[in-house]
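**Q** First, the structure itself, so that you have it in front of you.
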Amino acid sequence: YFGTSILTGSDSFQEVLVKIERPTYKKPFLGGFRNVSTGIEFHNAGSQTIPKKRPEKGIPLLCKAIQAGVEKNKQQQTRNTTSTQMTKIGLYVSNMTDKLITPGKYFTADEYHKRRLEAVIVIQKYFRRWYSVNLVQNLKEQRRAKLAREAQEELQKKREKEEKLRREYEKKLNPKTKEDFELLYHDLELWVQEETGRINRTLSGAERKAALCALLEEETQLIACIGMHKQDANVENQQKSIMHLLVKCAQPRRWKAFDGKITEMDTQSTLRGKELLEIYRSINTKDIPKDERISVLLTLKCTVKEHECKLTQEIGALIDREIDLMSREVKECNLEGLRKRICTLFLQYTKSPEFNPEVAGLIKVPQDPLKLYKNIYFCHSCENYLLSTEFLIPANSRTIGRCRSCYQLDNEARKREAYLKYRLILENLRKSEVDYQDDSKIVFLVQLPDMQYLIEKIWNCQSALSACSNLYDLVMVRWDKQREWSPWNTILLTEEEADAHLKLCDPLKTYEGPFIYRIEQKHIRAKNYFAQIPAMSPFLHRSNNQANAN
(Lines give C-alpha, C1' and ligand atoms only; values in the text may rest on other atoms or scores of the structure.)
Protein backbone atom coordinates (compact mmCIF):
# COMPACT_ATOMS: atom_id res chain seq x y z
CA TYR A 1 0.00 0.00 0.00
CA PHE A 2 1.08 3.57 -0.59
CA GLY A 3 -0.71 6.91 -0.44
CA THR A 4 -0.95 9.54 -3.14
CA SER A 5 -2.54 13.02 -3.38
CA ILE A 6 -5.07 13.84 -6.08
CA LEU A 7 -5.98 17.41 -6.99
CA THR A 8 -9.77 17.68 -6.63
CA GLY A 9 -10.15 21.49 -6.91
CA SER A 10 -8.20 24.64 -7.35
CA ASP A 11 -6.70 24.45 -3.92
CA SER A 12 -7.87 21.09 -2.52
CA PHE A 13 -6.19 17.68 -2.56
CA GLN A 14 -7.48 14.26 -1.56
CA GLU A 15 -5.36 11.48 -0.13
CA VAL A 16 -5.99 8.14 -1.93
CA LEU A 17 -4.66 4.76 -0.69
CA VAL A 18 -3.46 2.64 -3.64
CA LYS A 19 -3.08 -1.12 -3.25
CA ILE A 20 -0.32 -2.79 -5.28
CA GLU A 21 -0.28 -6.55 -5.78
CA ARG A 22 3.10 -8.00 -6.60
CA PRO A 23 2.68 -10.73 -9.23
CA THR A 24 4.45 -14.06 -8.68
CA TYR A 25 5.30 -14.32 -12.37
CA LYS A 26 7.28 -12.13 -14.76
CA LYS A 27 5.05 -9.69 -16.65
CA PRO A 28 5.27 -9.93 -20.43
CA PHE A 29 6.75 -7.08 -22.45
CA LEU A 30 3.84 -5.21 -24.01
CA GLY A 31 5.84 -2.61 -25.95
CA GLY A 32 6.77 0.99 -25.18
CA PHE A 33 8.68 3.97 -26.52
CA ARG A 34 11.98 5.80 -26.04
CA ASN A 35 12.50 9.50 -25.54
CA VAL A 36 14.79 10.63 -28.35
CA SER A 37 16.18 13.64 -26.52
CA THR A 38 16.88 11.94 -23.15
CA GLY A 39 17.22 8.31 -24.24
CA ILE A 40 14.92 7.06 -21.42
CA GLU A 41 12.81 4.04 -22.27
CA PHE A 42 9.20 3.86 -21.19
CA HIS A 43 7.39 0.50 -21.14
CA ASN A 44 3.68 0.03 -21.33
CA ALA A 45 2.21 -1.02 -18.01
CA GLY A 46 0.80 -4.52 -17.77
CA SER A 47 -2.64 -5.24 -16.51
CA GLN A 48 -2.79 -5.62 -12.72
CA THR A 49 -6.12 -7.33 -12.77
CA ILE A 50 -5.93 -10.83 -11.29
CA PRO A 51 -7.40 -13.34 -13.70
CA LYS A 52 -10.70 -14.79 -12.60
CA LYS A 53 -10.55 -18.31 -11.21
CA ARG A 54 -12.73 -20.98 -12.67
CA PRO A 55 -15.30 -22.40 -10.25
CA GLU A 56 -14.33 -25.78 -8.91
CA LYS A 57 -16.59 -28.65 -10.01
CA GLY A 58 -15.48 -31.04 -7.24
CA ILE A 59 -13.82 -33.52 -9.61
CA PRO A 60 -10.15 -33.54 -10.77
CA LEU A 61 -9.73 -32.24 -14.30
CA LEU A 62 -6.79 -32.81 -16.64
CA CYS A 63 -6.00 -30.73 -19.67
CA LYS A 64 -5.52 -32.15 -23.14
CA ALA A 65 -1.76 -31.48 -23.11
CA ILE A 66 -1.32 -33.86 -20.21
CA GLN A 67 -3.59 -36.55 -21.61
CA ALA A 68 -2.07 -36.58 -25.11
CA GLY A 69 1.43 -35.26 -25.54
CA VAL A 70 2.71 -33.99 -28.93
CA GLU A 71 5.92 -35.60 -30.15
CA LYS A 72 8.24 -34.00 -32.74
CA ASN A 73 11.26 -35.29 -34.61
CA LYS A 74 13.86 -32.62 -35.40
CA GLN A 75 17.40 -32.90 -36.69
CA GLN A 76 20.13 -30.81 -35.08
CA GLN A 77 23.60 -29.83 -36.12
CA THR A 78 26.48 -28.64 -33.99
CA ARG A 79 27.27 -24.96 -34.16
CA ASN A 80 31.02 -25.59 -34.78
CA THR A 81 31.36 -26.20 -38.56
CA THR A 82 34.63 -27.45 -40.04
CA SER A 83 35.93 -27.99 -43.54
CA THR A 84 38.61 -30.16 -45.15
CA GLN A 85 41.02 -28.90 -47.77
CA MET A 86 41.54 -31.38 -50.58
CA THR A 87 44.12 -31.50 -53.32
CA LYS A 88 42.90 -29.86 -56.50
CA ILE A 89 44.18 -28.22 -59.61
CA GLY A 90 46.60 -25.56 -58.58
CA LEU A 91 46.85 -26.76 -54.92
CA TYR A 92 48.92 -29.56 -53.49
CA VAL A 93 48.29 -30.83 -49.98
CA SER A 94 50.88 -33.24 -48.56
CA ASN A 95 49.56 -36.55 -47.16
CA MET A 96 52.76 -37.54 -45.31
CA THR A 97 51.27 -36.91 -41.89
CA ASP A 98 47.89 -38.45 -42.61
CA LYS A 99 46.82 -41.48 -40.58
CA LEU A 100 44.72 -44.37 -41.72
CA ILE A 101 42.04 -45.00 -39.15
CA THR A 102 40.04 -48.17 -39.29
CA PRO A 103 36.86 -48.52 -37.26
CA GLY A 104 37.02 -50.83 -34.24
CA LYS A 105 34.65 -53.53 -33.23
CA TYR A 106 31.27 -52.14 -32.48
CA PHE A 107 29.69 -53.29 -29.21
CA THR A 108 26.18 -52.80 -28.01
CA ALA A 109 24.93 -51.31 -24.74
CA ASP A 110 24.42 -54.81 -23.28
CA GLU A 111 28.00 -55.69 -24.07
CA TYR A 112 29.16 -52.43 -22.47
CA HIS A 113 27.22 -53.07 -19.25
CA LYS A 114 28.45 -56.67 -19.22
CA ARG A 115 32.05 -55.47 -19.44
CA ARG A 116 31.48 -53.00 -16.60
CA LEU A 117 29.93 -55.77 -14.48
CA GLU A 118 32.95 -58.00 -15.07
CA ALA A 119 35.25 -55.14 -14.04
CA VAL A 120 33.22 -54.56 -10.87
CA ILE A 121 33.46 -58.28 -10.04
CA VAL A 122 37.25 -58.15 -10.45
CA ILE A 123 37.46 -55.09 -8.20
CA GLN A 124 35.24 -56.79 -5.59
CA LYS A 125 37.38 -59.93 -5.76
CA TYR A 126 40.59 -58.05 -5.05
CA PHE A 127 38.93 -55.95 -2.33
CA ARG A 128 37.53 -59.02 -0.62
CA ARG A 129 40.93 -60.69 -0.76
CA TRP A 130 42.52 -57.58 0.79
CA TYR A 131 39.80 -57.40 3.43
CA SER A 132 40.13 -61.11 4.24
CA VAL A 133 43.91 -60.85 4.59
CA ASN A 134 43.56 -57.88 6.92
CA LEU A 135 40.84 -59.63 8.93
CA VAL A 136 42.96 -62.76 9.33
CA GLN A 137 45.98 -60.67 10.32
CA ASN A 138 43.91 -58.83 12.92
CA LEU A 139 42.55 -62.11 14.28
CA LYS A 140 46.07 -63.52 14.46
CA GLU A 141 47.28 -60.39 16.22
CA GLN A 142 44.39 -60.55 18.69
CA ARG A 143 45.06 -64.24 19.30
CA ARG A 144 48.75 -63.59 19.82
CA ALA A 145 48.01 -60.71 22.21
CA LYS A 146 45.47 -62.83 24.07
CA LEU A 147 47.91 -65.75 24.42
CA ALA A 148 50.65 -63.36 25.56
CA ARG A 149 48.27 -61.75 28.06
CA GLU A 150 47.13 -65.14 29.37
CA ALA A 151 50.75 -66.28 29.66
CA GLN A 152 51.61 -63.08 31.49
CA GLU A 153 48.64 -63.52 33.82
CA GLU A 154 49.59 -67.16 34.43
CA LEU A 155 53.17 -66.14 35.15
CA GLN A 156 51.94 -63.37 37.45
CA LYS A 157 49.70 -65.83 39.31
CA LYS A 158 52.58 -68.25 39.64
CA ARG A 159 54.82 -65.50 41.00
CA GLU A 160 52.14 -64.35 43.41
CA LYS A 161 51.63 -67.90 44.60
CA GLU A 162 55.37 -68.39 45.08
CA GLU A 163 55.62 -65.05 46.86
CA LYS A 164 52.67 -66.00 49.03
CA LEU A 165 54.27 -69.35 49.94
CA ARG A 166 57.56 -67.59 50.64
CA ARG A 167 55.86 -65.06 52.90
CA GLU A 168 53.96 -67.83 54.71
CA TYR A 169 57.21 -69.74 55.18
CA GLU A 170 58.90 -66.56 56.44
CA LYS A 171 56.01 -65.92 58.83
CA LYS A 172 56.23 -69.44 60.22
CA LEU A 173 60.01 -69.23 60.50
CA ASN A 174 60.03 -65.77 62.14
CA PRO A 175 56.54 -65.13 63.54
CA LYS A 176 55.85 -61.54 64.57
CA THR A 177 52.09 -60.96 64.76
CA LYS A 178 49.14 -62.74 66.35
CA GLU A 179 48.11 -64.10 62.95
CA ASP A 180 51.54 -65.65 62.47
CA PHE A 181 51.38 -67.49 65.79
CA GLU A 182 47.79 -68.49 65.02
CA LEU A 183 49.00 -70.18 61.82
CA LEU A 184 51.84 -71.85 63.74
CA TYR A 185 49.46 -73.34 66.30
CA HIS A 186 47.12 -74.44 63.51
CA ASP A 187 49.94 -76.23 61.68
CA LEU A 188 51.02 -77.81 64.96
CA GLU A 189 47.51 -79.14 65.53
CA LEU A 190 47.36 -80.55 61.99
CA TRP A 191 50.71 -82.27 62.53
CA VAL A 192 49.60 -83.72 65.88
CA GLN A 193 46.36 -85.06 64.37
CA GLU A 194 48.26 -86.60 61.45
CA GLU A 195 50.81 -88.27 63.75
CA THR A 196 48.08 -89.48 66.11
CA GLY A 197 46.19 -91.04 63.22
CA ARG A 198 49.33 -92.72 61.92
CA ILE A 199 50.16 -94.13 65.39
CA ASN A 200 46.61 -95.44 65.87
CA ARG A 201 46.69 -97.13 62.47
CA THR A 202 50.12 -98.76 62.72
CA LEU A 203 50.68 -99.47 66.43
CA SER A 204 48.73 -101.05 69.26
CA GLY A 205 49.12 -101.88 72.92
CA ALA A 206 52.18 -100.69 74.85
CA GLU A 207 53.95 -99.49 71.68
CA ARG A 208 51.00 -97.22 70.87
CA LYS A 209 51.02 -95.72 74.38
CA ALA A 210 54.79 -95.15 74.25
CA ALA A 211 54.47 -93.47 70.83
CA LEU A 212 51.65 -91.24 72.04
CA CYS A 213 53.72 -90.25 75.10
CA ALA A 214 56.67 -89.43 72.88
CA LEU A 215 54.36 -87.39 70.60
CA LEU A 216 53.01 -85.52 73.62
CA GLU A 217 56.55 -84.76 74.79
CA GLU A 218 57.51 -83.48 71.36
CA GLU A 219 54.34 -81.38 71.17
CA THR A 220 55.20 -79.89 74.57
CA GLN A 221 58.67 -78.96 73.38
CA LEU A 222 57.26 -77.34 70.24
CA ILE A 223 54.75 -75.35 72.29
CA ALA A 224 57.58 -74.16 74.56
CA CYS A 225 59.63 -73.15 71.51
CA ILE A 226 56.66 -71.23 70.07
CA GLY A 227 56.22 -69.55 73.45
CA MET A 228 59.84 -68.37 73.42
CA HIS A 229 59.38 -66.93 69.95
CA LYS A 230 56.21 -65.27 71.16
CA GLN A 231 58.01 -63.57 74.04
CA ASP A 232 60.71 -62.23 71.71
CA ALA A 233 58.08 -61.02 69.26
CA ASN A 234 56.14 -59.30 72.06
CA VAL A 235 59.28 -57.42 73.14
CA GLU A 236 59.99 -56.37 69.56
CA ASN A 237 56.38 -55.41 68.88
CA GLN A 238 56.23 -53.43 72.12
CA GLN A 239 59.31 -51.45 71.10
CA LYS A 240 57.77 -50.83 67.65
CA SER A 241 54.50 -49.63 69.20
CA ILE A 242 56.41 -47.24 71.48
CA MET A 243 58.32 -45.77 68.53
CA HIS A 244 55.10 -45.54 66.51
CA LEU A 245 53.43 -43.61 69.36
CA LEU A 246 56.34 -41.18 69.70
CA VAL A 247 56.55 -40.68 65.92
CA LYS A 248 52.85 -39.82 65.79
CA CYS A 249 53.37 -37.29 68.59
CA ALA A 250 56.14 -35.65 66.53
CA GLN A 251 54.20 -35.45 63.26
CA PRO A 252 53.17 -31.91 62.18
CA ARG A 253 49.61 -30.86 61.50
CA ARG A 254 48.56 -31.56 57.91
CA TRP A 255 45.68 -30.41 55.77
CA LYS A 256 44.86 -30.25 52.07
CA ALA A 257 44.50 -26.82 50.48
CA PHE A 258 42.01 -25.84 47.76
CA ASP A 259 44.58 -26.58 45.04
CA GLY A 260 45.22 -30.10 46.35
CA LYS A 261 48.61 -29.37 47.93
CA ILE A 262 49.42 -30.66 51.40
CA THR A 263 50.30 -28.00 53.96
CA GLU A 264 52.24 -28.89 57.11
CA MET A 265 52.55 -26.84 60.28
CA ASP A 266 54.55 -27.50 63.44
CA THR A 267 53.02 -26.48 66.74
CA GLN A 268 54.57 -26.22 70.18
CA SER A 269 53.24 -29.65 71.11
CA THR A 270 54.61 -31.34 67.96
CA LEU A 271 58.01 -29.67 68.46
CA ARG A 272 57.99 -30.95 72.03
CA GLY A 273 57.16 -34.41 70.69
CA LYS A 274 60.09 -34.24 68.24
CA GLU A 275 62.45 -33.27 71.05
CA LEU A 276 61.33 -36.18 73.23
CA LEU A 277 61.54 -38.59 70.29
CA GLU A 278 65.15 -37.65 69.56
CA ILE A 279 66.09 -38.05 73.22
CA TYR A 280 64.40 -41.45 73.45
CA ARG A 281 66.23 -42.66 70.34
CA SER A 282 69.54 -41.42 71.75
CA ILE A 283 69.23 -43.12 75.13
CA ASN A 284 68.23 -46.40 73.41
CA THR A 285 71.23 -46.36 71.10
CA LYS A 286 73.80 -48.98 72.09
CA ASP A 287 77.57 -49.14 71.63
CA ILE A 288 78.18 -45.38 71.58
CA PRO A 289 81.28 -43.67 73.00
CA LYS A 290 81.38 -42.73 76.65
CA ASP A 291 81.46 -38.96 76.00
CA GLU A 292 78.40 -39.10 73.75
CA ARG A 293 76.52 -41.16 76.32
CA ILE A 294 77.27 -38.63 79.05
CA SER A 295 76.17 -35.79 76.73
CA VAL A 296 72.86 -37.58 76.03
CA LEU A 297 72.25 -38.15 79.75
CA LEU A 298 72.93 -34.50 80.58
CA THR A 299 70.52 -33.41 77.83
CA LEU A 300 67.88 -35.75 79.25
CA LYS A 301 68.46 -34.37 82.74
CA CYS A 302 68.06 -30.78 81.56
CA THR A 303 64.86 -31.69 79.73
CA VAL A 304 63.13 -33.40 82.65
CA LYS A 305 64.24 -30.70 85.13
CA GLU A 306 61.76 -28.32 83.50
CA HIS A 307 59.03 -30.05 85.56
CA GLU A 308 59.65 -30.75 89.21
CA CYS A 309 57.90 -33.91 90.45
CA LYS A 310 58.72 -37.27 91.96
CA LEU A 311 59.15 -38.90 88.51
CA THR A 312 61.65 -36.31 87.26
CA GLN A 313 63.58 -36.44 90.53
CA GLU A 314 63.91 -40.20 90.22
CA ILE A 315 65.09 -39.90 86.60
CA GLY A 316 67.69 -37.31 87.64
CA ALA A 317 68.95 -39.54 90.46
CA LEU A 318 69.34 -42.50 88.08
CA ILE A 319 71.21 -40.33 85.57
CA ASP A 320 73.62 -39.16 88.26
CA ARG A 321 74.16 -42.75 89.34
CA GLU A 322 74.96 -43.91 85.78
CA ILE A 323 77.40 -41.02 85.23
CA ASP A 324 79.10 -41.87 88.52
CA LEU A 325 79.40 -45.56 87.62
CA MET A 326 80.73 -44.72 84.15
CA SER A 327 83.40 -42.52 85.75
CA ARG A 328 84.41 -45.52 87.87
CA GLU A 329 84.96 -47.57 84.66
CA VAL A 330 82.12 -50.03 85.34
CA LYS A 331 81.55 -52.55 82.55
CA GLU A 332 78.75 -51.97 80.03
CA CYS A 333 77.04 -55.25 80.83
CA ASN A 334 76.63 -54.20 84.48
CA LEU A 335 74.89 -50.96 83.44
CA GLU A 336 72.14 -52.55 81.34
CA GLY A 337 69.65 -52.80 84.19
CA LEU A 338 70.18 -49.18 85.19
CA ARG A 339 69.79 -48.00 81.59
CA LYS A 340 66.55 -49.98 81.18
CA ARG A 341 65.17 -48.27 84.29
CA ILE A 342 66.06 -44.86 82.85
CA CYS A 343 64.36 -45.74 79.53
CA THR A 344 61.26 -47.02 81.30
CA LEU A 345 60.91 -43.93 83.49
CA PHE A 346 61.53 -41.61 80.54
CA LEU A 347 58.88 -43.47 78.53
CA GLN A 348 56.48 -42.95 81.42
CA TYR A 349 57.47 -39.28 81.31
CA THR A 350 56.71 -39.02 77.56
CA LYS A 351 53.31 -40.72 78.01
CA SER A 352 52.18 -38.09 80.53
CA PRO A 353 50.03 -35.39 78.86
CA GLU A 354 51.31 -32.72 81.27
CA PHE A 355 54.86 -33.26 79.93
CA ASN A 356 53.93 -34.23 76.34
CA PRO A 357 50.60 -32.55 75.37
CA GLU A 358 50.42 -34.29 71.99
CA VAL A 359 50.07 -37.73 73.58
CA ALA A 360 46.73 -36.88 75.20
CA GLY A 361 44.75 -37.87 72.10
CA LEU A 362 46.71 -41.08 71.45
CA ILE A 363 46.76 -42.96 74.76
CA LYS A 364 44.07 -45.58 75.37
CA VAL A 365 43.36 -44.67 79.00
CA PRO A 366 41.31 -41.43 79.03
CA GLN A 367 42.38 -38.62 81.32
CA ASP A 368 38.84 -37.97 82.47
CA PRO A 369 37.87 -40.68 85.02
CA LEU A 370 34.20 -40.27 84.11
CA LYS A 371 34.89 -41.69 80.66
CA LEU A 372 35.99 -44.97 82.24
CA TYR A 373 32.37 -45.68 83.12
CA LYS A 374 31.38 -45.72 79.45
CA ASN A 375 31.87 -48.76 77.18
CA ILE A 376 33.69 -50.69 79.92
CA TYR A 377 32.75 -54.37 80.40
CA PHE A 378 33.86 -57.15 82.71
CA CYS A 379 35.45 -60.31 81.32
CA HIS A 380 34.38 -63.30 83.42
CA SER A 381 37.30 -65.36 82.18
CA CYS A 382 40.32 -63.17 82.99
CA GLU A 383 38.30 -61.02 85.46
CA ASN A 384 39.46 -57.73 83.94
CA TYR A 385 37.54 -54.59 83.06
CA LEU A 386 38.17 -53.82 79.39
CA LEU A 387 36.88 -51.56 76.62
CA SER A 388 34.10 -52.79 74.37
CA THR A 389 36.55 -53.03 71.46
CA GLU A 390 38.44 -55.78 73.32
CA PHE A 391 35.43 -58.13 73.15
CA LEU A 392 34.66 -60.30 70.12
CA ILE A 393 30.85 -60.22 70.09
CA PRO A 394 28.95 -62.21 67.41
CA ALA A 395 25.97 -60.52 65.77
CA ASN A 396 23.51 -62.97 67.38
CA SER A 397 25.00 -62.70 70.87
CA ARG A 398 22.84 -61.27 73.66
CA THR A 399 25.48 -61.15 76.44
CA ILE A 400 29.10 -59.99 76.79
CA GLY A 401 31.30 -63.08 76.73
CA ARG A 402 35.05 -63.47 76.95
CA CYS A 403 37.54 -60.91 75.68
CA ARG A 404 39.74 -61.36 72.62
CA SER A 405 42.77 -62.43 74.67
CA CYS A 406 40.79 -65.18 76.41
CA TYR A 407 39.38 -66.38 73.08
CA GLN A 408 42.89 -66.47 71.63
CA LEU A 409 44.31 -68.34 74.64
CA ASP A 410 41.47 -70.88 74.54
CA ASN A 411 41.99 -71.36 70.80
CA GLU A 412 45.73 -71.94 71.26
CA ALA A 413 45.08 -74.50 74.01
CA ARG A 414 42.14 -76.41 72.48
CA LYS A 415 40.99 -76.00 68.89
CA ARG A 416 44.00 -74.19 67.39
CA GLU A 417 42.00 -72.92 64.45
CA ALA A 418 43.32 -70.33 62.00
CA TYR A 419 40.87 -67.46 61.56
CA LEU A 420 43.11 -65.52 59.17
CA LYS A 421 41.39 -66.90 56.08
CA TYR A 422 37.96 -65.80 57.33
CA ARG A 423 39.35 -62.42 58.33
CA LEU A 424 40.84 -61.89 54.86
CA ILE A 425 37.53 -62.78 53.17
CA LEU A 426 35.65 -60.35 55.42
CA GLU A 427 38.17 -57.53 54.84
CA ASN A 428 38.09 -58.00 51.05
CA LEU A 429 34.29 -58.04 51.12
CA ARG A 430 34.13 -54.78 53.08
CA LYS A 431 36.59 -53.10 50.72
CA SER A 432 34.57 -54.16 47.68
CA GLU A 433 31.33 -52.93 49.26
CA VAL A 434 32.88 -49.54 50.00
CA ASP A 435 33.80 -49.23 46.29
CA TYR A 436 30.12 -49.59 45.31
CA GLN A 437 29.31 -46.35 47.22
CA ASP A 438 25.68 -47.32 47.72
CA ASP A 439 25.63 -46.97 51.52
CA SER A 440 25.67 -50.71 52.28
CA LYS A 441 25.47 -51.41 56.03
CA ILE A 442 24.88 -55.13 56.56
CA VAL A 443 28.48 -56.10 55.76
CA PHE A 444 29.71 -53.98 58.70
CA LEU A 445 27.27 -55.65 61.10
CA VAL A 446 28.61 -59.12 60.28
CA GLN A 447 31.45 -60.16 62.61
CA LEU A 448 34.16 -62.78 62.25
CA PRO A 449 32.20 -65.66 63.94
CA ASP A 450 29.23 -64.90 61.67
CA MET A 451 31.45 -65.01 58.58
CA GLN A 452 32.95 -68.30 59.78
CA TYR A 453 29.46 -69.81 60.21
CA LEU A 454 28.41 -68.50 56.79
CA ILE A 455 31.42 -70.05 55.06
CA GLU A 456 31.60 -73.35 56.93
CA LYS A 457 27.95 -74.26 57.52
CA ILE A 458 26.19 -72.72 54.54
CA TRP A 459 28.78 -72.67 51.74
CA ASN A 460 30.73 -75.74 52.96
CA CYS A 461 34.10 -73.96 52.58
CA GLN A 462 34.12 -74.31 48.79
CA SER A 463 33.35 -72.38 45.64
CA ALA A 464 29.78 -72.63 44.39
CA LEU A 465 30.97 -73.18 40.80
CA SER A 466 34.28 -75.05 40.83
CA ALA A 467 34.13 -76.54 44.37
CA CYS A 468 37.61 -75.07 45.10
CA SER A 469 38.25 -75.55 48.83
CA ASN A 470 41.31 -73.29 49.27
CA LEU A 471 39.85 -70.45 51.30
CA TYR A 472 42.83 -68.19 50.58
CA ASP A 473 41.74 -68.13 46.90
CA LEU A 474 38.02 -67.55 47.58
CA VAL A 475 36.11 -64.27 47.82
CA MET A 476 32.53 -63.34 48.61
CA VAL A 477 30.64 -61.11 46.19
CA ARG A 478 27.06 -60.08 45.55
CA TRP A 479 24.73 -62.55 43.89
CA ASP A 480 22.71 -59.67 42.41
CA LYS A 481 25.04 -56.69 42.06
CA GLN A 482 22.12 -54.26 41.83
CA ARG A 483 21.26 -54.87 45.51
CA GLU A 484 23.51 -54.36 48.52
CA TRP A 485 25.42 -57.32 49.95
CA SER A 486 23.75 -59.44 52.59
CA PRO A 487 24.04 -63.08 53.73
CA TRP A 488 21.00 -63.81 51.53
CA ASN A 489 22.47 -61.95 48.53
CA THR A 490 25.94 -63.44 48.25
CA ILE A 491 27.94 -66.20 46.58
CA LEU A 492 31.34 -67.74 47.38
CA LEU A 493 33.62 -67.97 44.32
CA THR A 494 37.28 -67.86 43.32
CA GLU A 495 38.73 -64.54 42.21
CA GLU A 496 38.48 -65.39 38.48
CA GLU A 497 34.92 -66.68 38.85
CA ALA A 498 33.96 -63.59 40.85
CA ASP A 499 35.27 -61.26 38.12
CA ALA A 500 33.24 -63.13 35.49
CA HIS A 501 30.14 -63.23 37.74
CA LEU A 502 30.17 -59.47 38.37
CA LYS A 503 30.12 -58.83 34.61
CA LEU A 504 26.71 -60.52 34.30
CA CYS A 505 23.67 -58.27 34.01
CA ASP A 506 21.17 -60.84 35.31
CA PRO A 507 22.46 -64.11 36.86
CA LEU A 508 18.97 -65.65 36.67
CA LYS A 509 19.17 -65.58 32.85
CA THR A 510 22.73 -66.90 32.70
CA TYR A 511 22.92 -69.83 35.10
CA GLU A 512 20.92 -73.02 34.82
CA GLY A 513 17.85 -73.76 36.88
CA PRO A 514 19.31 -76.41 39.26
CA PHE A 515 22.28 -74.17 40.12
CA ILE A 516 19.99 -71.20 40.84
CA TYR A 517 17.83 -73.46 43.02
CA ARG A 518 20.87 -74.51 45.11
CA ILE A 519 21.94 -70.89 45.57
CA GLU A 520 18.43 -69.86 46.62
CA GLN A 521 18.34 -72.67 49.20
CA LYS A 522 21.60 -71.42 50.71
CA HIS A 523 20.18 -67.89 50.82
CA ILE A 524 17.10 -69.17 52.67
CA ARG A 525 19.29 -70.95 55.24
CA ALA A 526 21.35 -67.79 55.75
CA LYS A 527 18.20 -65.70 56.13
CA ASN A 528 16.81 -68.09 58.77
CA TYR A 529 20.07 -67.94 60.75
CA PHE A 530 20.46 -64.15 60.65
CA ALA A 531 16.76 -63.59 61.36
CA GLN A 532 17.62 -64.29 65.02
CA ILE A 533 19.68 -61.08 65.15
CA PRO A 534 17.58 -58.03 66.15
CA ALA A 535 19.81 -55.63 64.18
CA MET A 536 19.10 -57.58 60.97
CA SER A 537 15.29 -57.32 61.18
CA PRO A 538 14.93 -54.01 59.26
CA PHE A 539 17.16 -55.29 56.47
CA LEU A 540 15.19 -58.56 56.26
CA HIS A 541 11.90 -56.68 55.92
CA ARG A 542 13.36 -54.40 53.28
CA SER A 543 14.73 -57.39 51.36
CA ASN A 544 11.32 -59.10 51.46
CA ASN A 545 9.61 -55.94 50.18
CA GLN A 546 12.08 -55.70 47.30
CA ALA A 547 11.53 -59.36 46.43
CA ASN A 548 7.74 -58.88 46.44
CA ALA A 549 8.08 -55.80 44.25
CA ASN A 550 10.24 -57.69 41.77
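**Q** Quick one: how many residues across segment 207-238 are among the charged types (D, E, K, R), surrounded by 11 or more Cβ atoms within 10 Å (Cβ to Cβ) and under 22 Å from residue 411 (Cα atoms)?
**A** 4
**Q** Which of the residues spanning segment 244-266 are farther than 15 Å from residue 351 by Cβ and in contact with an Asp or Glu (Cβ under 8 Å, 6 or more places away or on another chain)?
**A** Looking only at segment 244-266, we keep the residues that are farther than 15 Å from residue 351 by Cβ, and these are 251-266.
Hits for segment 244-266 are 252, 253, 254.
**Q** Run down 282, 269, 204, 241 and say which single residue is within 33 Å of the chain's Cα centre (by Cα), polar (S, T, N, Q) and open to solvent by less than 90 Å² (accessible area, probe 1.4 Å). Spell out the reasoning first.
**A** Details: 282 fails: within 33 Å of the chain's Cα centre (by Cα); 269 fails: within 33 Å of the chain's Cα centre (by Cα); 204 fails: within 33 Å of the chain's Cα centre (by Cα).
Just a single option satisfies the conditions, and that option is 241.
**Q** Another question about this same structure. Tell me, please, whether a residue that is touching a residue at least 40 places away in the same chain (Cβ under 8 Å), in a helix (DSSP H, G or I) and under 45 Å from the mean Cα position of the chain (by Cα) can be found in segment 214-225. Break it down into steps so the answer makes sense when it comes.
**A** If we filter segment 214-225 for residues that are touching a residue at least 40 places away in the same chain (Cβ under 8 Å), which is where we start, we get none.
Taking every residue of segment 214-225 in turn, none turns out to be touching a residue at least 40 places away in the same chain (Cβ under 8 Å), in a helix (DSSP H, G or I) and under 45 Å from the mean Cα position of the chain (by Cα).
**Q** Write out, first by first residue and then by second, each pair whose Cβ atoms fall under 7 Å of each other, whose residues are 6+ apart or on separate chains, and whose first residue, in segment 499-523, is touching a residue at least 60 places away in the same chain (Cβ under 8 Å) and in the same structural domain as residue 473 (by the TED database) while the second is of a type in the set (A, V, I, L, M, F, W, C) and surrounded by 11 or more Cβ atoms within 10 Å (Cβ to Cβ).
**A** Here the result reads 522/458; 522/459, each pair linking segment 499-523 to a residue that is of a type in the set (A, V, I, L, M, F, W, C) and surrounded by 11 or more Cβ atoms within 10 Å (Cβ to Cβ).
**Q** Only residues that are within 16 Å of residue 485 (Cα to Cα) and in a helix (DSSP H, G or I): list them for segment 500-515, please.
**A** 501, 502, 507
**Q** Moving on to the next point. Could you give me the residue pairs with C-beta distances under 7 Å whose first residue belongs to segment 463-477 and is part of a loop (DSSP other than H, G, I, E, B), whose second residue is open to solvent by 20 Å² or more (accessible area, probe 1.4 Å) wherever it lies, and which are 6+ apart or on separate chains?
**A** 463/497; 465/497; 466/497; 468/462; 469/461; 469/462
**Q** Of the residues 307, 244, which is outside the structural domain of residue 348 (by the TED database) and under 23 Å from residue 340 (Cα atoms)?
**A** Working: 307 fails: outside the structural domain of residue 348 (by the TED database).
Result: 244 is the single residue among 307, 244 that is outside the structural domain of residue 348 (by the TED database) and under 23 Å from residue 340 (Cα atoms).
**Q** Sticking with this structure for a sec: Answer yes or no as to whether residue 200 is part of a helix (DSSP H, G or I) and touching a residue at least 60 places away in the same chain (Cβ under 8 Å).
**A** Details: part of a helix (DSSP H, G or I): yes; touching a residue at least 60 places away in the same chain (Cβ under 8 Å): no.
It is false that residue 200 is part of a helix (DSSP H, G or I) and touching a residue at least 60 places away in the same chain (Cβ under 8 Å).
The values are calculated or read from the model by the stated rules, or taken from the named source; none is laboratory data. For clarity, every value in this text was computed on a predicted model and none was experimentally measured. As a convention, Cβ positions derive from the backbone with ideal geometry for all residues, glycine included, and neighbour counts pool all protein chains shown. Areas reflect the complete protein model, heavy atoms only, side chains present, ligands, DNA and RNA absent. Shrake-Rupley method; radii C 1.70, N 1.55, O 1.52, S 1.80 Å.
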